[in-house]
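Working notes, beginning with the structure itself.
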Amino acid sequence: MAKGTDCSGTMVRSHTVSRARYLSIVAEENHVLQWQHSPWAKTKEEVITLQPTGINVASTFNGFCSHHDTQLFQEIDNAPFCATYSQIFAQVFRAHARELYCKQAQILSYPDPADIADFHGLENPENYARGPLAELESTSMDVGLRDTILHHERLQAIQNAKEYHRLRSCVIPLSGTPVISTAGAFFPDFNATGKQLQDFTDLQSVLNSVHFSILPTETGAYAVFSFLDTEAIGPENFVFSVIEHKNLTDMLLWVAFTYIENTHVRPSWWNALGKVQQDAIKTAMGYNMDIRDPRLMTIAEYPNLGFTNQMAGKPFWL
Ligand SMILES: [Zn+2]
């Protein structure tokens with residue numbers, strides 16, 4: 001993923017959330033809980049579940065060689081978080097590289113009709129084609145990748161010019177025992193009050209991204225929203241609607257569970273949560289996963305539940 005360099009190294013596991021600095025803080029006996037997809041599960045409840053995962057593996061992807069992983073991200077791996085422009089950019093860039101990597105992998109692994117027919121021993125497999133729903137799914141993935149590549153190129157231009165201040169960020173300090181870490185990006189569709197921000201059905205328009213991470217510390221955590229100065233429409237409105245919410249801390253967890261599958265959970269916190277809270281979080285994770293049952297206004301559907309005793313401090317912008 002280190003494009004435009006003369007990289008020839010072997011790929012290693014890159015942590016999108018620094019293992020030593022952030023992930024280990026929410027781990028217990030070196031394990032966190034991570035979302036796992038089991039497409040052949042027997043019941044609907046077992047399709048998406050939180051499962052224990054070792055912190056050597058959790059949040060990783062095979063996107064960089066060890067040289068570039070060390071060189072590009074030393075600022076976040078080797079120093080405490082202090083909300084500098086360059087540190088936030090490094091965190092954003094690493095998590096976004098994973099988003100791009102996963103979107104490409106998703107398209108590569110999408111089955112070809114001829115291959116499926118051949119697999120099942122059907123005659124003339126080349127005569128099979130996708131149905132309308134599969135065609136729509138395929139087109140949607142292509143459009144998502146198109147916008148993700150464009151956004152990634154914009155991030156790389158900022159990196160090359162070292163114009164890290166072009167990323168606008170809102171940082172919310174949290175106090176109290178941290179319960180999750182998260183790092184990812186998404187296209188905000190609706191804000192926290194249900195106002196539509198971007199229209200996913202318009203396949204011609206390029207969507208704007210917002211980055212979100214929750215970075216645990218020994219005494220709390222930092223929640224960080226970031227977006228590009230040239231992609232502020234939508235993302236800025238989204239962030240304001242979240243930080244103005246009366247239950248800001250729980251809302252920050254809700255955003256992570258609604259939009260970012262690269263979320264890692266403290267096992268004892270999850271096990272002590274009530275069933276109502278657990279079910280709400282599983283529902284949030286399931287939003288928009290089923291193409292036959294797309295649900296909108298996802299963060300506006302926050303069920304007014306308390307998830308954590310952490311306290312949000314005053315948000316600040318940079
Ligand atoms: Zn490299």
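Summary table below
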{"quantity": "Of all residues making up segment 105-130, the number that are outside any loop (DSSP other than H, G, I, E, B) and loosely packed, with under 14 Cβ neighbours inside 10 Å", "calculated": "9"}
{"quantity": "Set SER8, SER59, SER14: member being open to solvent by 20 Å² or more (accessible area, probe 1.4 Å) and of a type in the set (Ser, Thr, Tyr)", "calculated": "SER8"}
{"quantity": "Output for segment 268-300, where each listed residue is in contact (Cβ under 8 Å) with a residue 40 or more places away in the chain and closer than 20 Å to PHE238 by Cβ", "calculated": "MET285, LEU296, MET297, THR298, ILE299, ALA300"}
{"quantity": "In segment 1-16, the residues that are within 16 Å of the ligand (Cβ to nearest atom) and in a loop (DSSP other than H, G, I, E, B)", "calculated": "MET1, ALA2, LYS3, GLY4, THR5, ASP6, CYS7, SER8, GLY9, THR10"}
{"quantity": "Residues of segment 177-186 satisfying the condition of being open to solvent by 10 Å² or more (accessible area, probe 1.4 Å) and within 12 Å of VAL255 (Cα to Cα)", "calculated": "ALA185, PHE186"}
{"quantity": "Residue within segment 53-67 that is in a helix (DSSP H, G or I) and either touching a Gly at 6+ places or on another chain (Cβ under 7 Å) or within 16 Å of the ligand (Cβ to nearest atom) (or both) present", "calculated": "yes"}
{"quantity": "Cβ pairs under 9 Å, 6+ apart, first in segment 157-173 and open to solvent by 70 Å² or more (accessible area, probe 1.4 Å), second in a strand (DSSP E or B)", "calculated": "ARG168/PHE225; ARG168/SER226; ARG168/PHE227; ARG168/LEU228; ARG168/TRP317"}
{"quantity": "Considering residues of segment 17-52 that are assigned to a strand (DSSP E or B) and either loosely packed, with under 13 Cβ neighbours inside 10 Å or among the acidic types (Asp, Glu) (or both) only, the residue nearest to the ligand (Cβ to nearest atom)", "calculated": "HIS37"}
{"quantity": "Neighbours by Cβ (under 9 Å, 6+ apart or cross-chain): first from segment 112-126, β-branched (Val, Ile, Thr); second surrounded by 10 or more Cβ atoms within 10 Å (Cβ to Cβ)", "calculated": "ILE116/LEU122; ILE116/PRO125; ILE116/TYR128"}
{"quantity": "Failed item, numbered, when PRO113 is tested on (1) of a type outside the set (Val, Ile, Thr); (2) over 26 Å from LEU228 (Cα atoms); (3) within 16 Å of the ligand (Cβ to nearest atom)", "calculated": "(3)"}
{"quantity": "Qualifying residue in segment 131-147 (condition: open to solvent by 30 Å² or more (accessible area, probe 1.4 Å), farther than 28 Å from ASP202 by Cβ and in a loop (DSSP other than H, G, I, E, B))", "calculated": "no"}
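Quick grid of which residues meet (1) modelled with pLDDT under 95; (2) under 17 Å from the mean Cα position of the chain (by Cα); (3) not charged (D, E, K, R):
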| position | (1), (2), (3) |
| --- | --- |
| LEU136 | yes, no, yes |
| HIS151 | yes, yes, yes |
| SER169 | no, yes, yes |
| ALA185 | yes, yes, yes |
| PHE200 | yes, no, yes |
| LEU207 | yes, yes, yes |
| PHE212 | no, yes, yes |
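The values are calculated or read from the model by the stated rules, or taken from the named source; none is laboratory data. No experiment lies behind these values; they were computed from the predicted model shown. Cβ coordinates were reconstructed from backbone atoms using ideal geometry, including for glycine residues, and neighbour counts include every protein chain displayed. With ligands, DNA and RNA removed, areas are computed over all heavy atoms of the protein, side chains included. Shrake-Rupley method; radii C 1.70, N 1.55, O 1.52, S 1.80 Å.
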